[in-house]
Amino acid sequence: LSADPASPDEQRQRLSPLTAMVDQVRGALLNVYVAVNVTKVDEDDPFASMAEPEYRTLGLGSGVIVDRAGLALSNWHVVDEAVFPDGAPKPDRRVTVRVFGGKEYRVRVLSISREDDLALLQLELEPGEEVPFVALGSSERLRVGEPVAAIGNPHGRANTITYGVVSAKDQDLKVRGRWAK
């Protein structure tokens, strides 16, 4: 194995529709982190509320930015530990995301759908800041046999990609012990 970087000719030879797609969307892909504040507060200390929170990661998932203002989609099961069943945020929890290149953003969970295993997130951007995004397609037009790629963080392994074909449509799936359409 060579540690030398690939030459431009070698890079062009290795370019495929899959690698081109990954290059195109990587800026909109998210690592989603849910953490809990584990700071111990001494009830007898009048300055205890001024202590810096210390967060411990509870879970890691993936998401994708779907508009330049920072709206993003993830799965409900990824953010479930950070919200109450009605979707309201738990006060001792924090959701953050990291984009390709390492920049981190705080996140608000705007809405959840337990039945569809979806969560709508809002990245907290600087005023005037815009982020890369992926335009959503139509699953209605997707055909069995078409190539697809899944990019995510299964079991905490960040930025994995799986490539295959659509093998079926309109199937029920099991989400945390429940069946969903």
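Going through Ser62, Ser7 one at a time, which residue ends up being more than 22 Å from Glu115 (Cα to Cα) and either surrounded by 16 or more Cβ atoms within 10 Å (Cβ to Cβ) or without any contact (Cβ under 8 Å) to a residue 60 or more places away in the chain (or both)? Break it down into steps so the answer makes sense when it comes.
Details: Ser62 fails: more than 22 Å from Glu115 (Cα to Cα).
None of the other options fit; the residue is Ser7.
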(message) For the range 37-59, which positions are part of a loop (DSSP other than H, G, I, E, B) and either open to solvent by 70 Å² or more (accessible area, probe 1.4 Å) or closer than 21 Å to Glu129 by Cα (or both)?
(response) Lys40, Val41, Asp42, Glu43, Asp44, Pro46, Phe47, Glu52, Glu54
(message) Being farther than 20 Å from Gly27 by Cβ and part of a strand (DSSP E or B) is the requirement here; does Val109 meet it?
(response) yes
(request) For the range 84-113, name all the residues that are open to solvent by less than 80 Å² (accessible area, probe 1.4 Å), farther than 17 Å from Val64 by Cβ and not acidic (Asp, Glu). (result) Gly87, Ala88, Lys90, Arg93, Arg94, Gly102
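Looking at this structure, is Arg68 touching a residue at least 60 places away in the same chain (Cβ under 8 Å), within 12 Å of Asn159 (Cα to Cα), open to solvent by 40 Å² or more (accessible area, probe 1.4 Å) and within 17 Å of the chain's Cα centre (by Cα)?
On the way: touching a residue at least 60 places away in the same chain (Cβ under 8 Å): yes; within 12 Å of Asn159 (Cα to Cα): no; open to solvent by 40 Å² or more (accessible area, probe 1.4 Å): yes; within 17 Å of the chain's Cα centre (by Cα): yes.
No, not satisfied.
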(message) Pull out all pairs, ordered by first then second residue, where Cβ-Cβ is under 6 Å, the residues are six or more apart or on different chains, the first lies in the range 115-144 and is on the phi < 0 side of the Ramachandran plot, and the second is acidic (Asp, Glu) and surrounded by 12 or more Cβ atoms within 10 Å (Cβ to Cβ).
(response) Phe133/Asp67
(message) Quick test for you: out of Val64, Val34, Val79, pick the one residue that is in a helix (DSSP H, G or I) and hydrophobic (A, V, I, L, M, F, W, C).
(response) Val79
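So, Glu81, is that one without any contact (Cβ under 8 Å) to a residue 60 or more places away in the chain, touching a Gly at 6+ places or on another chain (Cβ under 7 Å) and either open to solvent by 50 Å² or more (accessible area, probe 1.4 Å) or among the aromatic types (Phe, Trp, Tyr) (or both) or not?
Details: without any contact (Cβ under 8 Å) to a residue 60 or more places away in the chain: yes; touching a Gly at 6+ places or on another chain (Cβ under 7 Å): yes; either open to solvent by 50 Å² or more (accessible area, probe 1.4 Å) or among the aromatic types (Phe, Trp, Tyr) (or both): yes.
When the stated conditions are applied, Glu81 passes them.
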(request) Determine, yes or no, whether Phe133 is more than 26 Å from Val36 (Cβ to Cβ) and aromatic (Phe, Trp, Tyr). (result) yes
(request) Take the residues in the range 140-181 that are at pLDDT below 85 and polar (S, T, N, Q), then tell me which one is surrounded by the most Cβ atoms within 10 Å (Cβ to Cβ). (result) Asn153
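Can you tell me which residues in the range 84-106 are among the charged types (D, E, K, R) and part of a strand (DSSP E or B)? Give the derivation first.
Applying the first criterion (among the charged types (D, E, K, R)) to the range 84-106 yields 86, 90, 92-94, 98, 103-104, 106.
Once the filter is applied, which keeps residues that are among the charged types (D, E, K, R) and part of a strand (DSSP E or B), the range 84-106 yields Arg93, Arg94, Arg98, Glu104, Arg106.
The values are calculated or read from the model by the stated rules, or taken from the named source; none is laboratory data. Values in this document were obtained by computation on a predicted structure and should not be read as measured data. Glycine also receives a Cβ, built like all others from the backbone with ideal geometry; neighbour counts cover every protein chain displayed. In case anyone asks, the SASA skips ligands and DNA or RNA and just uses the protein heavy atoms, side chains included. Shrake-Rupley method; radii C 1.70, N 1.55, O 1.52, S 1.80 Å.
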